[in-house]
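Colleague: Have a look at this one.
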Amino acid sequence: MAHNNGLARTPQMGWNNWNSLGCDVSQDLLLDTSKVLLESGLRDVGYNYVVLDDCWQGERGADGYINYNKEKFPKGMKYISDELHDMGFKYGMYSSAGEMTCARFEGSLDHEVKDAESYASWGVDYLKYDNCFHMGRFGTPKITFDRYNAMSQAINATGRSMLYSLCNWGEDYVHTFGMSIANSWRISGDIYDHFNRPDDLCSCTDPRDPHCVAPGTHCSIMNIINKVAPYVDRGSPGGWNDLDMLEVGQGGMTDNEYVAHFSMWAALKSPLLIGADLRELTPRTLTILNNPAVIAVSQDPMGRSVARIRQDFNVKKDRYGQGEIQIWTGPLYPNDQLVVFLNAADEEMTITTDLNEIFVHEGPEGSAPHSKHEWDIYDLWADRMDERQAEKILNGDTQVFQKGWFNSTETSYKDALGRRDERLMGVKVAHVGPAQPELSVIVPRHSVKMFRMQDLSGAGPRYLLSKQEL
Ligand code: GAL
């Protein structure tokens, strides 16, 4: 079973070509991108899966086995996986639980066993499994479960360990069964590079309705955040709600919007798959993607998503009629608390909360013991890498890495968090406690403020690690 296959104990991280390059895939693209991931330090902050999306396929042979496109991949898939493994990466591929893939190449429906055998023989470590051309085999959770379970079983039968990532766009209540067969499951139609513009192609008009999950494209950051809100708790070590690949660095959003997008994906424990074309990586994009204090939230060994404690629409609306503010919170390892202030109003906002509200899930009306504790507040973006530093890295100057830049292939996030490694803590900016329980922050338009709270009371952790994380 995928959820206890030992993989994705924290949300998977890596890169996937689809958002920026679509079908324009090749051997060179994968190898060149891996080089950038390696040399920019992104592999070492955690992005270790290189995932090839749709359009790699050739014909299916008379023997029933799938071939790859030999023009795009002249040396073959095993060559690519060997190269990636040598560089310390894992290799991901894509197929669809349908007659064809979404780009109309050969799908795997009813070919699961042979296709899984091919992936295993090519050294594949990860399968993204899509939903196009499913031949009408959807409509109830059971029908969809069976179709996706066929590939789960086929992967298990190969004996090769592969992270299994479902991509059925949230249909048929996948969040109710994804965990039993897969390591992650998409919860929405395809993301697009816009913060909050509603689009009829993303078919849910009210993303807050948990029953309104349907395929589609052009789902904005805010649309997806609002969709996952009612079932954030479905993700846990081994299986995660997948909010879709990152748009950070694609060019359609402001820096603040990308910071908000990245922060929320980390706090909600979505897989973090970079979607930008890394051959054109800019210093500014790098300084979002490589913030170890934010990635530490994503890779927290407790694996608990934030939950929303406030949503307020009584704010300035933009030309799409959109505008709201939200507060999210949740526990962090070892006994910290995360608070995220999300400003999706059409102006800068001062947002205020207090200890009673932050700990409302631990006890109503201020009854939670934690609201009586003393807490130091750390801003997780205050230490964002300077752009000039990032530029130097992209020009091949690796000095920054010699000076103790956080490297998760040497020290795990869990170990570093356990000893409060300061590179993961951000910068101390405030203190709250029973005498001054309020936390009030100015949040720019379309952005977040994200804080780690450290408990000074000496109380032990509220939540324990699961057995496998100990
Ligand atoms: C969509 C999927 C995208 C991408 C695309 C490929 O269904 O959601 O992430 O994989 O197909 O054709």
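The values are calculated or read from the model by the stated rules, or taken from the named source; none is laboratory data. No experiment lies behind these values; they were computed from the predicted model shown. Cβ placement follows ideal geometry from the backbone for every residue including glycine, while neighbour counts extend to all protein chains displayed.
Colleague: Only one of these is under 26 Å from Gly404 (Cβ atoms), of a type in the set (Gly, Ala, Ser) and modelled with pLDDT of 95 or more: Ala276, Ala293. Name it.
Modeller: Ala293
Okay, residues lined up against (1) modelled with pLDDT of 95 or more; (2) more than 16 Å from the ligand (Cβ to nearest atom); (3) among the hydroxyl-bearing types (Ser, Thr, Tyr):
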residue: Pro210; (1), (2), (3): no, yes, no
residue: Pro215; (1), (2), (3): no, no, no
residue: Ile225; (1), (2), (3): yes, yes, no
residue: Arg234; (1), (2), (3): yes, yes, no
residue: Asn241; (1), (2), (3): yes, no, no
residue: Glu247; (1), (2), (3): yes, no, no
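Colleague: Another question, if that's okay. Pick from region 177-208 the residues that are modelled with pLDDT under 95 and among the hydroxyl-bearing types (Ser, Thr, Tyr): which of them is nearest to the chain's Cα centre (by Cα)?
Modeller: The extreme case among them is Ser188.
Colleague: Continuing with the same structure: List every residue pair whose Cβ atoms sit under 7 Å apart, with the two residues 6 or more apart in sequence or on different chains, where the first one lies in region 369-396 and is under 19 Å from Glu280 (Cα atoms) and the second, anywhere, is of a type in the set (Gly, Ala, Ser).
Modeller: Ile393/Ser40; Ile393/Gly41; Leu394/Ser40
Colleague: Going through region 421-470 one residue at a time, which ones are under 24 Å from Asn291 (Cα atoms), in a loop (DSSP other than H, G, I, E, B) and either modelled with pLDDT under 95 or of a type in the set (A, V, I, L, M, F, W, C) (or both)?
Modeller: Scanning region 421-470 gives a single hit, Met425.
Colleague: Could you please give the count of residues in region 101-115 that are within 16 Å of the ligand (Cβ to nearest atom) and in a loop (DSSP other than H, G, I, E, B)?
Modeller: Counting residues in region 101-115 that are within 16 Å of the ligand (Cβ to nearest atom) and in a loop (DSSP other than H, G, I, E, B) gives 8.
Colleague: For the list (1) in contact (Cβ under 8 Å) with a residue 24 or more places away in the chain; (2) assigned to a loop (DSSP other than H, G, I, E, B), I need the number of the one condition that Ser118 fails.
Modeller: Of everything listed in (1) in contact (Cβ under 8 Å) with a residue 24 or more places away in the chain; (2) assigned to a loop (DSSP other than H, G, I, E, B), Ser118 misses just condition (2).
Colleague: Can you name every residue in region 116-136 that is more than 16 Å from the ligand (Cβ to nearest atom) and acidic (Asp, Glu)?
Modeller: Glu117, Asp125
Colleague: Quick check: is even one residue across region 97-120 in contact with a Pro (Cβ under 9 Å, 6 or more places away or on another chain) and under 18 Å from Asp244 (Cα atoms)?
Modeller: No: zero hits.
Colleague: Same structure, new question: In contact (Cβ under 8 Å) with a residue 24 or more places away in the chain, closer than 18 Å to Asp44 by Cβ and among the hydrophobic types (A, V, I, L, M, F, W, C), is that true of Val294?
Modeller: Considered against the rule, which asks whether it is in contact (Cβ under 8 Å) with a residue 24 or more places away in the chain, closer than 18 Å to Asp44 by Cβ and among the hydrophobic types (A, V, I, L, M, F, W, C), Val294 comes out as yes.
Colleague: Further question: Scanning region 121-149 for residues that are over 25 Å from the mean Cα position of the chain (by Cα) and outside any loop (DSSP other than H, G, I, E, B), which turns out farthest from Ser180 (Cα to Cα)?
Modeller: Across region 121-149, the extreme among qualifying residues is Ser121.
Colleague: Still on this structure, please answer the following. Give me a count of the residues in region 398-453 that are surrounded by fewer than 21 Cβ atoms within 10 Å (Cβ to Cβ), basic (Lys, Arg) and within 30 Å of Arg197 (Cβ to Cβ).
Modeller: 1
Colleague: Continuing with the same structure: Name the pairs: first residue in region 11-35 and free of Cβ contacts under 8 Å to residues at least 12 places away in the same chain, second residue within 12 Å of the ligand (Cβ to nearest atom) and assigned to a helix (DSSP H, G or I), Cβ to Cβ under 6 Å, at least 6 apart or on different chains?
Modeller: Close Cβ pairs (under 6 Å, with a partner that is within 12 Å of the ligand (Cβ to nearest atom) and assigned to a helix (DSSP H, G or I)) do not exist here.
Colleague: Moving to a separate point now. Go through (1) at pLDDT 95 or above; (2) within 29 Å of Thr285 (Cα to Cα); (3) not β-branched (Val, Ile, Thr) one by one and return the number of the condition Gly404 breaks.
Modeller: (1)
Colleague: Same structure again: Would you be able to tell me the number of residues in region 334-371 that are at pLDDT 95 or above, surrounded by fewer than 20 Cβ atoms within 10 Å (Cβ to Cβ) and part of a helix (DSSP H, G or I)?
Modeller: The total comes to 3.
Colleague: Within region 4-36, can you find the residues that are within 17 Å of the chain's Cα centre (by Cα) and away from the ligand (no atom under 16 Å from the Cβ)?
Modeller: Leu7, Ala8, Arg9, Thr10, Pro11, Met13 - these are the residues of region 4-36 that are within 17 Å of the chain's Cα centre (by Cα) and away from the ligand (no atom under 16 Å from the Cβ).
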